[in-house]
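Enquirer: Starting off with a structure, shown below.
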Amino acid sequence: MLVHRRGALIAATATLLVGAAGLGTAHASSPSALAAGAPSACRPANHTARITAAPATAGHRHYRVTLTAARGYEPCRLAGSPADVRFHQHGSLRGVTPGRYGSQRAVVAFGPGRPVHFDIQVPGGPGGVRADEATFTLRAPDGVIPGESSASGRFVVAAGTVVGPVRPGA
């Protein structure tokens, strides 16, 4: 009888352990469980940004800043032009403070599979200073997003440079 009870106790314990392990595994791999706790793609550490030359318009050079979020981050909403935009060359701050142009009210969805971009518009003509990095603070519909994002690429800035609003697409 002692052997029978010990066997029943071992079987019951094994069933509980296997059941608990199965519940833990199913819960951890649930897509909704992962998405619910995912960090926002709008946080500076959760996206990358790259600056590339864009087609010129009459009297202006343009550079496109494209933001991309990797899979696993929660989509978010952005609005208007980035704030606190600064330009750097090899880590040294350039003396150009840009303005903004365009509608600052349009809201854009950003996240994995949904890149966004904004424009740096620079007056054409001779002059300007080279830059290889832009730092900026993204804006949401209800205010700024904490933290500073950065984008790298070769470009030129000059007095009169303006930054356009965030738009959908790369």
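The values are calculated or read from the model by the stated rules, or taken from the named source; none is laboratory data. If you're wondering where the values come from, they're calculated on a predicted model, not measured in any experiment. Note that we place each Cβ from the backbone using ideal geometry, even for glycine, and neighbour counts take in every protein chain shown. Just the protein is used for accessible areas: all its heavy atoms, side chains included, with ligands, DNA and RNA removed. Shrake-Rupley method; radii C 1.70, N 1.55, O 1.52, S 1.80 Å.
Enquirer: Within the range 89-170, considering only strands (runs of 3 or more DSSP E) that don't extend past its boundaries, which have at least 2 residues that are within 25 Å of P75 (Cα to Cα) and of a type in the set (V, I, T)?
Expert: 107-110, 116-123, 129-137
Enquirer: Would you confirm, using the coordinates I've provided, whether R154 is buried (at least 17 other Cβ atoms within 10 Å of the Cβ), among the basic types (K, R) and in contact (Cβ under 8 Å) with a residue 60 or more places away in the chain?
Expert: Considered against the rule, which asks whether it is buried (at least 17 other Cβ atoms within 10 Å of the Cβ), among the basic types (K, R) and in contact (Cβ under 8 Å) with a residue 60 or more places away in the chain, R154 comes out as no.
Enquirer: On to the next question. Would you be able to tell me the number of residues in the range 41-72 that are assigned to a loop (DSSP other than H, G, I, E, B), under 21 Å from G143 (Cα atoms) and open to solvent by 70 Å² or more (accessible area, probe 1.4 Å)? Write out each step before concluding.
Expert: Going residue by residue through the range 41-72, those that are assigned to a loop (DSSP other than H, G, I, E, B) are 41-43, 58-59, 70-72.
Filter again for under 21 Å from G143 (Cα atoms), leaving 41-43.
Those still in the list that are open to solvent by 70 Å² or more (accessible area, probe 1.4 Å) too: 43.
Selection size over the range 41-72: 1.
Enquirer: A further question on this structure: Tell me, which residue of the range 82-91 that is open to solvent by less than 60 Å² (accessible area, probe 1.4 Å) and not hydrophobic (A, V, I, L, M, F, W, C) is farthest from P141 (Cα to Cα)?
Expert: Among those residues, the one meeting the criterion is Q89.
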